Amino acid sequence: MPQKVDNPAAADGAPAESSGVKSARRAVDLIETFAANDVWLSLSDLHARTGFPRSSLHGLLRTLLEAGWLEADTNTARYRLGVRALICGTAYLDRDAVVPFATEALERIREKTGFTAHFARRNGTEVVYLETRESQRSTHLVSRVGRTLPAHATALGKALLAELTHDEIEALMPVSLTALTPNTITTLEGLHAECAATRERGYAAEIEEGTLGVRCVAAVIPYRIPGTDAISCSMPIAQVSDDDARRVGELLAETTAELGQQLRRAGIR
């Protein structure tokens with residue numbers, strides 16, 4: 001007797017596999033939608049943002065809620081990211097061999113400068129903050145672990161984009177660049193000029209392009225080609241002169257060069 005197949009369309013596995021992949025892709029897109037918004041979202045909000053059918057959203061939300069990826073407010077029928085997202089994000093940092101070395105470097109930079117120091121990695125057109133050592137005299141948190149910012153609007157991003165060729169930058173970046181402040185560079189021509197200056201100086205710099213009242217300098221950690229990671233210092237405008245910023249930038253260039261050698265000796269690529 002031939003074996004009965006409950007779903008004839010899935011007898012050869014292809015349609016079922018396609019459906020499964022589609023559901024998995026939608027689940028990932030849904031998680032990223034929550035990550036990109038800092039508010040509780042309803043089913044209607046998610047439908048408007050993703051375009052997914054409401055019937056699919058019901059099932060995805062229930063599955064992600066049961067798995068701990070989402071939390072629900074039963075009074076408003078709204079959702080936000082759950083603790084599972086934090087657990088998996090922390091696991092990424094725990095398993096990254098570079099982080100302990102970078103953290104030690106951040107401590108030294110903060111001790112020498114008194115300013116907040118950051119370690120970040122480029123992810124496409126963004127930089128992701130992986131570690132921060134906040135200045136004791138800081139009045140506000142400039143960034144936090146897991147935060148992403150446009151690469152073109154940060155010293156960290158400019159340092160990492162300067163690792164790429166002119167054509168690679170052209171292929172990667174959009175023609176029109178988003179402004180975070182009135183000082184943000186918004187043209188590719190301006191970005192190319194900044195990358196050229198960064199290569200010449202040995203470190204990147206920006207003044208109130210990412211955050212008003214703050215200027216930053218950053219340098220790439222040279223252990224990969226092209227570089228993927230960089231370290232920066234955030235400095236309140238009122239507390240530093242151009243000469244102060246230059247000295248901090250040179251310190252970062254020196255520290256990241258030493259860190260790159262340390263990572264290569266440890267066999268970390």
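Please treat every number below as a calculation from the coordinates, not as lab data. These figures come from a predicted structure and were not determined experimentally. Backbone-built Cβ (ideal geometry, glycine too); neighbour counts: all protein chains shown.
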**Report entry** Contact order normalised by residue count of the chain, Cα under 8 Å, 6+ apart, percent
**Finding:** 13 percent
**Report entry** Ordering of 250-262, 189-201 by burial proxy (mean other Cβ atoms within 10 Å per residue, highest first)
**Finding:** 250-262, 189-201
**Report entry** Dimensionless Rg/Rh of the chain - Kirkwood Rh, Rg from C-alpha atoms
**Finding:** 1.07
Requested in this report: Can you find, among L188, L61, Y223, the residue farthest towards the positive end of the dipole of the chain? Put +1 on the C-beta of Lys and Arg, -1 on that of Asp and Glu.
Outcome: L61
Report summary line: Helix 54-66 sits off the longest principal axis of the Cα atoms of the chain, rounded to the nearest 10 on a 0 to 90 degree scale, by 70 degrees
Query raised in the report: Given a Förster distance of 35 angstrom, what is the FRET efficiency for A266 paired with D242, based on the Cβ-Cβ distance and rounded to 0.05?
Result: 0.45
Query - Label point distance in nm, A197-R147, each placed 7 Å from Cα along Cα→Cβ - result: 2.3 nm
